[in-house]
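In what follows, a structure is listed as structure tokens, so that the remarks can point back to it.
The values are calculated or read from the model by the stated rules, or taken from the named source; none is laboratory data. Since this is a predicted model, take the numbers as computed values, not measurements. Note that each Cβ is placed from the backbone with ideal geometry, even for glycine, and that neighbours are counted across all protein chains shown.
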Amino acid sequence: MNKKAEKIRELQEKIKKYNEYYYSKNESLVSDVEYDKLLKDLELLEAGNEQYKIFDSPTLQVGSSLSNTKFKKIQHKKPMLSLSNSYNVTDIDNFIKRTEKSIYKEMNIENKLSYILEVKLDGLSISVIYKKGKLVQAVTRGDGKIGEDVTENVMQIKSIPHFLDEDIDLEARGEVVLPLSKFIKINKERLENGEEVFANPRNAASGTLRQLDAKVVKKRELDCYFYFIVEPLEYGLTTHKEVLEFIKNKGLKTTDIGEKISTVEELDERIKYWEKEKNKLDYETDGMVIKVNEIQYWNTLGNTTKSPRWAIAYKFPAKQVSTKLLDITWQVGRTGKVTPVAELEEVEVSGSRVKRASLHNFDEILRKDIKIGDRVFIEKAAEIIPQVVKPIKEMRTGEEKEIIAPEECPVCHSKLEKEEGFVDLKCTNKNCSAQVQGKIEYFVSRDGMNIMGFGQKIVEKFLELGLIKDITDIYNLKNYREKLEQIEKMGEKSVDNIINSIEESKKRDYSKVLYSLGIPEVGKFLANLLAEKSKNIDKLINMEKEELIEIDGIGEKVGNSVYNFFRNEDNILVVNKLKDYGINFSLGKESKIEKNIFENKTFLATGKLEHFTRNEIKEEIEKFGGKNLSGVSKKLDFLIVGNDAGSKLKKAREIPTIKIISEEEFFQMVKNKNEN
Ligand code: IVH
């Protein structure tokens with residue numbers, strides 16, 4: 001193979017790999033800028049060497065190749081195109097000159113074109129099809145021609161109505177995003193649960209929409225903004241501005257940012273404005289989009305294989321900064337997971353000073369090919385968690401050192417293990433002080449037993465003095481008052497406070513206690529669910545694996561983890577000791593079922609329910625004193641809506657006093673009422 005062919009092949013392979021990670025694993029291995037550059041390089045090389053342009057070259061594809069997916073494949077009526085990118089005002093100026101030249105040449109028009117400037121939402125694009133006003137199908141972009149049917153998941157997104165405000169046929173396209181506020185919340189929970197955090201809201205949104213449990217989608221609270229309809233001229237719309245208004249009038253959400261602009265100077269000014277203002281939005285944007293406003297010219301301008309010539313994206317500069325990687329340290333967490341941490345020369349990233357960044361696991365170091373001494377790019381994932389993006393290999397001096405995975409625990413020196421099929425290194429010594437410390441800190445944390453005055457330093461001190469060896473010893477501390485008072489900065493008063501708070505923690509709800517035990521995979525939400533389902537710890541301990549997995553919301557992974565946790569004698573010993581200290585291991589008053597919570601309230605269920613048969617839900621309603629109605633009328637208080645609900649839902653929407661609720665909301669009502 002000659003040099004050129006080799007280079008082309010190499011680039012094709014490289015970009016394909018990046019695509020695969022991006023579309024199948026929701027992971028970006030390179031920054032957008034770098035990706036675009038590689039693709040551009042490949043395009044240029046292929047242009048003069050058509051013989052090497054293989055049929056599946058990344059230059060011919062839009063998006064994923066759709067292998068190994070579990071959703072039904074659907075062909076788009078019209079291809080879902082991507083946008084070409086620009087990075088500066090010169091690029092935009094060229095776009096405008098090019099566009100206007102080709103219009104004026106062909107049409108010989110007098111009037112100048114106008115443009116609409118929108119934000120570029122950083123999520124995943126979706127095409128949503130309504131027939132006679134009813135949502136019938138939602139499809140991801142996929143490779144642009146064929147996407148995946150994610151209708152059921154999209155039905156869980158509140159901002160995508162199941163019915164439009166008018167009974168028309170419509171195919172609308174937009175971007176599914178995870179609001180930043182929700183993203184931060186989810187990542188916080190994932191951190192607490194010892195799960196890997198999502199690198200950015202886009203990955204989180206795409207991971208959520210492309211997974212099989214619609215309930216998880218509902219819980220994550222995705223959002224969607226629309227910016228395009230198929231065949232706008234058929235609706236009598238002549239400008240893109242009108243399209244945006246039309247979309248909104250029909251009940252679909254738009255960003256409300258669609259500014260009509262005529263000159264490049266104005267575009268430049270407004271882009272600069274939005275670059276500053278974008279942080280005030282509750283969704284991530286990675287740039288702006290400029291679209292020709294007059295739809296009649298879209299056809300004349302046409303498309304390339306990948307993108308329309310009537311629009312262009314402007315990408316905001318990435319917030320990456322470079323610094324030196326001084327060293328790698330290895331941190332041992334409460335579950336024994338050993339995580340590499342990048343020790344960096346201090347640098348400012350998006351407004352704060354950073355000198356450490358997570359690297360997740362050793363495989364990530366290998367994949368990114370990072371060496372000690374490298375200059376590396378750092379960015380903050382979702383503005384909070386500093387991450388190492390990649391090394392700048394061009395700046396290597398030859399002095400850089402290979403990073404070697406540790407064989408023994410950096411804290412207790414016992415041999416590390418790697419579970420089959422997992423990438424994490426683990427310290428399996430249950431007495432490892434780093435693990436013990438992590439477990440205690442987790443146990444006393446605010447979401448756990450919420451014991452006051454028990455910060456990291458104090459835990460360290462107690463461990464050092466041998467006052468505690470595991471979580472159960474916390475309840476024995478009151479017998480060491482004198483020793484406690486002798487600790488530096490711990491007067492009589494603070495000892496009193498700690499001891500009182502420890503005693504008080506014995507009253508915590510069963511669900512909090514379950515959370516505090518630190519069962520792998522079990523965070524706040526699942527601890528609540530397990531508490532509710534098991535009622536007491538003995539029942540939970542004795543549950544078979546299958547029984548656990550049968551609980552709605554508990555998958556195989558969690559089921560196995562809970563089952564294994566209680567097959568470990570040490571854990572049972574801890575539970576028994578805590579029981580002896582009087583910790584609350586059963587549902588208390590919150591479990592008492594109040595009988596007539598639905599007294600005088602009327603209900604009707606419609607559509608396909610997931611958790612109940614029609615008779616079961618009727619029984620449930622009656623059990624709590626409610627009354628079942630057979631039709632929608634003003635007498636109805638609650639309409640419980642399942643999948644594919646039709647005329648009853650429509651009718652109920654016209655009666656403002658009827659509350660329309662999902663099955664989950666119904667569960668929640670029963671639960672809340674019983675908790676009060
Ligand atoms: S227009 C033919 N408008 O960016 C119309 N796309 O990088 C093409 N995107 O595939 C799309 N915000 O997923 C359009 N205001 C916006 C957008 C937007 C985000 C996404 C969309 C597109 C990708 C291209």
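Annotations for the structure displayed:
- Some residue of region 273-284 being part of a strand (DSSP E or B), surrounded by 18 or more Cβ atoms within 10 Å (Cβ to Cβ) and within 14 Å of the ligand (Cβ to nearest atom): no
- Residues in region 556-570 that are farther than 14 Å from LEU517 by Cα and touching a residue at least 12 places away in the same chain (Cβ under 8 Å): LYS557, VAL558, GLY559, ASN560.
- Positions within region 329-363 being within 22 Å of PRO520 (Cα to Cα) and outside any strand (DSSP E or B), in sequence order: GLY333, ARG334, THR335, GLY336, LEU359, HIS360, ASN361, PHE362, ASP363
- Neighbours by Cβ (under 6 Å, 6+ apart or cross-chain): first from region 84-95, within 14 Å of the ligand (Cβ to nearest atom); second of a type in the set (Asp, Glu): ASN85/ASP36
- Residue in region 103-114 that is of a type outside the set (D, E, K, R), surrounded by 14 or more Cβ atoms within 10 Å (Cβ to Cβ), modelled with pLDDT of 90 or more and within 16 Å of the ligand (Cβ to nearest atom) present: no
- Top-ranked residue in region 122-147 [being small (Gly, Ala, Ser) and within 11 Å of the ligand (Cβ to nearest atom); ranked as nearest to SER647 (Cα to Cα)]: SER127
- Members of region 171-192 that are surrounded by 22 or more Cβ atoms within 10 Å (Cβ to Cβ) and either without any contact (Cβ under 8 Å) to a residue 60 or more places away in the chain or within 16 Å of the ligand (Cβ to nearest atom) (or both): ALA172, GLY174, GLU175, VAL176, VAL177, LEU178
- Unmet requirement for ALA313, which otherwise passes all of (1) more than 16 Å from the ligand (Cβ to nearest atom); (2) among the hydrophobic types (A, V, I, L, M, F, W, C); (3) within 26 Å of the chain's Cα centre (by Cα): (1)
- Residues being within 26 Å of the chain's Cα centre (by Cα) and either basic (Lys, Arg) or in a helix (DSSP H, G or I) (or both) - total across region 635-665: 3
- For region 317-333, the criterion of a residue being within 16 Å of the ligand (Cβ to nearest atom), of a type in the set (Lys, Arg) and over 26 Å from the mean Cα position of the chain (by Cα) is satisfied by no position.
- For region 193-204, the tally of residues that are at pLDDT 80 or above and away from the ligand (no atom under 14 Å from the Cβ) stands at 2.
- Test for VAL411: is it touching a Pro at 6+ places or on another chain (Cβ under 6 Å) and either at pLDDT 95 or above or buried (at least 17 other Cβ atoms within 10 Å of the Cβ) (or both): no
- Once region 464-473 is narrowed to residues that are over 37 Å from the mean Cα position of the chain (by Cα) and in a helix (DSSP H, G or I), the residue that is surrounded by the fewest Cβ atoms within 10 Å (Cβ to Cβ) is GLU464.
- Per-region count, region 60-83, residues more than 14 Å from the ligand (Cβ to nearest atom), farther than 21 Å from GLY207 by Cα and modelled with pLDDT of 90 or more: 1
- The selection criterion, being outside any loop (DSSP other than H, G, I, E, B) and among the aliphatic types (A, V, I, L, M), holds for LEU244.
- Scanning region 205-238 for residues that are more than 16 Å from the ligand (Cβ to nearest atom) and of a type in the set (A, V, I, L, M) returns LEU212, ALA214, VAL216, VAL217.
- Total residues in region 407-454, condition under 20 Å from TYR475 (Cα atoms) and in a loop (DSSP other than H, G, I, E, B): 11
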